[in-house]
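Only one structure is covered here, and it is reproduced in the block below.
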Amino acid sequence: MDSGHPTEPDDPPRIRCAGITKTYPGVIASDNIALSIQPGEIHALLGENGAGKSTLMKILYGVIQPDAGQIWWDGKLITLNSPAQARQLGIGMVFQHFSLFETLTVAQNMELSLGKQNTGNRKSLAKRIRETAEQYGMPVDPDRYVHTLSTGERQRVEIIRCLIQNVRLLILDEPTSVLTPSEVDKLFIVLRRLSQEGCSILFISHKLHEVQALCHTATILRHGRITGQCTPKTTAPQAMARMMVGDNARLHTRYPNKTGREAALTVEQLSEPADHSFGTPLKGINFSALRGEILGIAGVAGNGQKELLSLLSGERRTTRKQSIQVADQPIGQWSPRQRRENGLCVVPEERLGRGAVPDMHLRDNALLTGFLQNTVTGGFVRNKRVTAFAHRIIEHFGVKTATSKAAAKSLSGGNLQKFIIGREILQRPEVLVCAHPTWGVDVGAANTIHEALIALRDAGAAIIVVSEDLDELFQISDRIGALCNGQLSPIKPTADVDLDEVGSWMAGLFTINDITITPASPTPENPEKNYAPEH
């Protein structure tokens with residue numbers, strides 16, 4: 001569906017910038033950037049990780065100030081000194097790494113960021129949140145604490161926080177990274193409606209088919225410079241990808257499916273209560289991860305993925321130690337360290353804060369889980385060995401950074417993801433549990449990660465990939481299943497199922513032991529519970 005372009009060519013741009021330059025030690029993040037977005041225009045900003053997209057967005061939102069250049073808002077020259085000033089103008093932004101306080105509720109987060117003058121009292125704010133969430137089909141309970149939300153649910157909170165403002169320019173950084181196809185469709189309905197109402201949208205995504213379906217225009221960045229512009233609806237995704245990453249880049253690859261061997265990890269009758277009032281209890285989950293295969297587990301956010309990951313990683317122990325076994329050893333009561341010592345590595349769903357400590361150097365982040373790689377002897381850290389391990393990760397996975405002493409938070413999302421996944425893969429695990437492996441990364445980085453996972457599989461490891469990106473799961477998984485309402489669907493070879501069947505599993509339409517599983521209806525007390533896509 002084409003939203004059309006609701007403005008006339010002579011209308012002044014909603015926002016325009018020229019000569020925007022920003023330099024950091026050793027790198028020019030933005031190099032003489034010029035950009036113009038009309039009222040009602042949905043404008044895509046494309047580029048590989050580290051191309052300068054995030055820097056430009058932060059400048060337009062007042063988070064950082066450029067070293068040179070000018071910005072005009074509705075034809076008037078302005079200086080953006082802070083996000084608060086940007087919000088007063090009507091600029092809203094959804095960051096790729098969420099800017100939410102985990103110990104506060106959804107409503108408290110919005111009150112803190114928007115101020116009482118914009119939110120009113122707590123009761124009226126909660127009502128606005130519920131009404132906006134219902135209007136746009138993104139259920140959110142304003143009284144839930146953020147730490148109880150899944151990644152996908154936190155994404156909804158960020159979007160709704162912008163929607164309850166009088167937003168005139170909405171900046172979205174990878175907004176669909178953890179959404180299902182049905183949720184993406186609903187989001188696009190929202191964005192098209194905003195466009196028709198005159199709201200400008202700056203849309204950053206590595207999913208080029210989404211850019212083609214949604215955006216009126218696109219600007220491509222590479223190494224901090226604008227390298228091209230195009231009309232996505234008339235430009236093939238392959239052409240846009242090559243403008244982003246170069247003519248020699250290998251794009252979407254289909255990997256041959258493999259049949260696994262013996263079980264490396266077995267889950268038997270895993271039933272655990274929710275660990276908090278908004279959690280999802282797991283009910284009788286059974287599966288085996290086989291050596292030499294990738295097992296994909298799909299599902300809508302909030303249906304038990306977070307709980308399953310914490311039980312597999314050892315962050316949470318099982319009630320029955322036999323519920324999880326590695327090489328026929330019950331590990332349900334083992335600590336994360338014991339599991340690592342027995343060959344189980346984990347890539348968590350959150351890069352910053354879970355996968356890496358933002359303020360620590362890459363070298364020190366390598367040590368966080370790489371302490372078994374001959375980097376610690378007799379309780380003493382072997383600094384040279386840690387540095388060598390960090391350099392191996394950086395070189396082997398093409399992490400773009402000047403030095404291993406760079407802080408984790410200084411890397412782009414895709415480069416940090418490559419570092420975290422590389423850190424786990426280079427430990428040669430027997431079992432790798434990987435959550436959202438290519439969330440928010442460009443096509444080049446995604447290929448690097450997928451190839452590394454396939455190589456680890458072919459070396460005999462068992463890999464479990466938990467993801468909400470069905471395209472990714474169908475691309476790399478050998479077998480696939482889905483979680484809904486804390487229960488696991490049948491698991492079948494990927495070659496024997498299609499998107500519709502897996503989508504129906506995600507909606508709860510499957511049978512286990514002659515019992516048909518259906519998702520519970522949302523309740524006023526917990527409207528987000530078991531929210532599933534329509535198929």
Taking the mean number of other Cβ atoms within 10 Å as a proxy for protection, how do you rank 352-363, 227-238, 156-167 from highest to lowest? 156-167, 352-363, 227-238
When N is the residue count of the range 16-171, what does its C-alpha Rg come to as a fraction of 2.2 N^0.38 Å? 1.12
Derived scalar couplings ³J(HN,Hα) [the range 374-389; Karplus, 6.51 cos²θ - 1.76 cosθ + 1.60; whole Hz; x for Gly, Pro]: 6, 9, 10, 10, x, x, 9, 6, 8, 4, 5, 5, 5, 4, 5, 5
Report for the chain the percent antiparallel among DSSP-assigned beta bridges with both residues inside it, nearest 5. 55 percent
Whole-Hz Karplus couplings 3J(HN,Hα) for the range 190-204, θ = phi - 60° and coefficients 6.51, -1.76, 1.60, Gly and Pro as x, run 4, 5, 5, 5, 4, 4, 5, 7, x, 6, 7, 9, 9, 10, 10
Total charge dipole magnitude, the chain, about the Cα centre, Cβ charges on Lys, Arg, Asp, Glu only, Debye to nearest 20: 1680 debye
Specify which labelled value, from (1) -0.27, -0.39, -0.94; (2) -0.20, -0.29, -0.83; (3) -0.37, -0.50, -0.97, agrees with log10 I(q)/I(0) by the Debye sum over Cα atoms at q = 0.05, 0.06, 0.10 Å⁻¹ derived from the coordinates of the model shown. (2)
By how many nm would the segment from residue 512 to residue 333 lengthen if fully extended, with 0.36 nm per residue of separation less the alpha-carbon distance? 61.7 nm
Once amide hydrogens are built 1.01 Å from N within the peptide plane, the residues lying 5 or more places from residue 331 or on another chain with amide H under 5 Å from its amide H are 324, 325, 326
Treat every Asp and Glu Cβ in the range 395-470 as -1 and every Lys and Arg Cβ as +1, leave all other atoms uncharged, and give the resulting dipole magnitude about the Cα centre to the nearest 20 debye. 360 debye
Inter-label distance for residue 428 and residue 121, nm, one decimal - labels placed 7 Å from Cα along Cα-to-Cβ: 6.6 nm
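Which order, highest average first, do 192-199, 448-455, 46-53 follow once you tally other Cβ atoms within 10 Å for each residue and take the mean per peptide?
Ranking the peptides 192-199, 448-455, 46-53 by packing returns 46-53, 448-455, 192-199.
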Mind giving me the nanometre distance, one decimal, between the label points for residue 74 and residue 354, set 7 Å out from Cα along Cα→Cβ? 4.1 nm
Phi angles of the range 398-405, converted by Karplus (6.51 cos²θ - 1.76 cosθ + 1.60, θ = phi - 60°) into ³J(HN,Hα) in whole Hz with x for Gly and Pro, give x, 6, 7, 7, 6, 7, 6, 8
Can you tell which of 464, 65, 148 lies farthest toward the positive end of the dipole of the chain, using +1 and -1 charges on the Cβ of basic and acidic side chains (Lys, Arg; Asp, Glu)? 65
Cα-projected label distance for residue 342 with residue 233, points at 7 Å along beta-carbon direction, nm: 5.8 nm
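Read the figures in this text as sums done on the coordinates, not as results from a lab. All of these numbers come straight from a predicted model, not from anything done at the bench. Note that each Cβ is placed from the backbone with ideal geometry, even for glycine, and that neighbours are counted across all protein chains shown.
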